[in-house]
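See structure below.
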Amino acid sequence: MAVSLVVVGSGPWAQRHMATIKKSPNLHLGGVVSGSLVGEMRVLADGIEVPTVWPNTRSMIDADYRPDGIVVAVPPPRMLLSILPVLDVGIPVFVEKPLGLSVKEARLMSEHAFRGNVPLMVNFIHLFSIGYHRLCQELPSIGELRRVVAQSGNHGPDRAYMSALWDYGPHDLAFALDLLGRDPESLNARVICGDGKDHVVSVELGFSDGGSATLEFGNRMKEKVRRLICHGTERYLQLEDYPSPALSNSGEHLPLDVVTTPLETALQEFASVTAGAEDTRETASLAVRVNECIEEIERSLW
């Protein structure tokens, strides 16, 4: 039987979720939560037909509809009110990063999930790319991982509801924390260009075992880039993840079988989580740790 998912949101990224769900044979789009779609013709981009629309998650719950999971693709300021009612009735949640715009909000959502033993999975989408998956498989070949270098960004977007730090930072911080497996002992940041809203920043993380990470990200870059380099004691891995994934081991190209998109992979993993599998990346805990780092960066810069 197909896994029934409800999408919260109706913007471009929410519609990408809907399209991905619709084309997956084992997934079923059970409806959409969106105040802007209520009373409107419910055919979206790519001919997506929306079976049922609720104005908010509370109304879905009051209608006694219980999907296998919900996918939350709304701006972070709207996450809390969308997610807490769902977690409190035991419905698994898959939510876009960042998990709110503060440590307090991320912890609150994580605590509700933990208290009810309900899965809460955060979509750090680049952790689900085929390039990153293969990079992790290749890590033993480079010796002990000592340094992570990441660069990501673009010229834009300018989001009214959050800064570039909260928009781009979660991706690279998730890479560093996931790869190095612990929280940093030291954090230093500087602004390369821009202001408190739109900028490129550089962040240096130091770890207790001598490992380090250098991250550069933001929305004021000349062109789009997504690069990850892992330096080991013997060799290094380099992932260029835009415009298409390309991985090399100390300069030697490694072939990648790109079968699914990162979003397809992430949603399939969430479907498994709704059926009782573990979120092996512990993304909710990772999201709290990422928000802790971002708040520390904010305090040090502005």
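Computed over neighbours whose Cβ is under 15 Å from that of L101, the net charge equals 0, Lys and Arg +1, Asp and Glu -1.
For the chain, a Gaussian network of Cα nodes joined below 10 Å ranks D158, D241, D209 by mean-square fluctuation, and the top entry is D209.
For the chain, modelled as a GNM whose springs connect Cα atoms under 10 angstrom apart, the maximal fluctuation among A160, A176, A63 occurs at A160. Rounded to the nearest 20, the size of the Cβ-charge dipole of the chain about its Cα centre is 420 debye, with Lys and Arg at +1 and Asp and Glu at -1. Only Cα pairs under 8 Å and at least 6 apart count here; give the relative contact order of the chain as a rounded whole percent. Relative contact order here is 18 percent.
Residues considered: S186, S248, S102. Largest GNM mean-square fluctuation over the chain, using C-alpha springs under 10 Å, is found at S186.
What is the extension gain from T214 to V89, computed as 0.36 nm multiplied by their sequence separation minus the C-alpha to C-alpha distance, in nm to one decimal?
Working: separation 125, 0.36 × 125 = 45.00 nm, distance 4.12 nm.
Fully extending the segment from T214 to V89 adds 40.9 nm.
Could you sort out which of K97/K224; K197/K222; K22/K104 sit more than 27 Å apart by Cα distance in this structure? Present the calculation step by step, with values, prior to reporting the outcome.
Working: K97/K224 19 Å; K197/K222 17 Å; K22/K104 35 Å.
Going by Cα-Cα distance, K22/K104 fall outside the 27 Å limit.
Using the Cβ of G11 as centre and a radius below 12 Å, the other residues enclosed give a net charge of +2, where K and R count +1 and D and E count -1.
Expressed to the nearest 5 percent, the antiparallel share of DSSP beta bridges inside the chain is 60 percent. Placing +1 on the Cβ of every Lys and Arg and -1 on the Cβ of every Asp and Glu, with no other charges, gives region 113-272 a dipole of roughly 260 debye about its Cα centre. Phi angles across region 261-272 convert, under the Karplus curve 6.51 cos²θ - 1.76 cosθ + 1.60 with θ = phi - 60°, into 3J(HN,Hα) values of 6, x, 5, 4, 4, 5, 5, 5, 5, 5, 4, 5 Hz, Gly and Pro given as x. For the chain, with all protein chains present and a 1.4 Å probe, just round the carbon and sulfur fraction of the accessible area to a whole percent. The C+S portion of the solvent-accessible surface of the chain is 49 percent. Length available on full extension from K224 to C136: 0.36 nm per residue minus the Cα-Cα distance, which gives 29.3 nm.
Surface analysis of region 14-130 yields an accessible area of 44 Å² per residue, using protein heavy atoms and a 1.4 Å probe. When the alpha carbon gyration tensor of the chain is reduced to an equivalent ellipsoid, the three semi-axes, largest first, read 33, 21, 19 Å. The calculated Kirkwood hydrodynamic radius for region 166-302 is 16.8 Å, given to one decimal from all distinct C-alpha pairs.
For the chain, the mean residue ellipticity at 222 nm estimated from helices alone is -10500 deg cm²/dmol, where every DSSP H run of n ≥ 4 contributes -39500 (n - 2.57) and the total is divided by all residues, rounded to the nearest 500.
Candidates G251, L145, W302 compared by Cα position along the dipole of the chain: farthest toward the positive end lies W302, with charges placed on Cβ. In this label model, N26 and D158 are separated by 4.4 nm, measuring between points 7 Å along each Cα→Cβ vector. For region 1-124, the extents of the C-alpha atoms along the principal axes are 39, 30, 28 Å, listed from largest to smallest. Dipole size of region 195-302 about its Cα centre, with +1 on Lys/Arg Cβ and -1 on Asp/Glu Cβ: approximately 320 debye, rounded to the nearest 20.
The values are calculated or read from the model by the stated rules, or taken from the named source; none is laboratory data. Everything numeric here is computed off the predicted structure, so don't read it as measured data. With ideal geometry, Cβ positions are generated from the backbone for all residues, glycine too; neighbour counts draw on all protein chains shown. Surface areas here come from the heavy atoms of the whole protein model, side chains and all, with no ligands, DNA or RNA. Shrake-Rupley method; radii C 1.70, N 1.55, O 1.52, S 1.80 Å.
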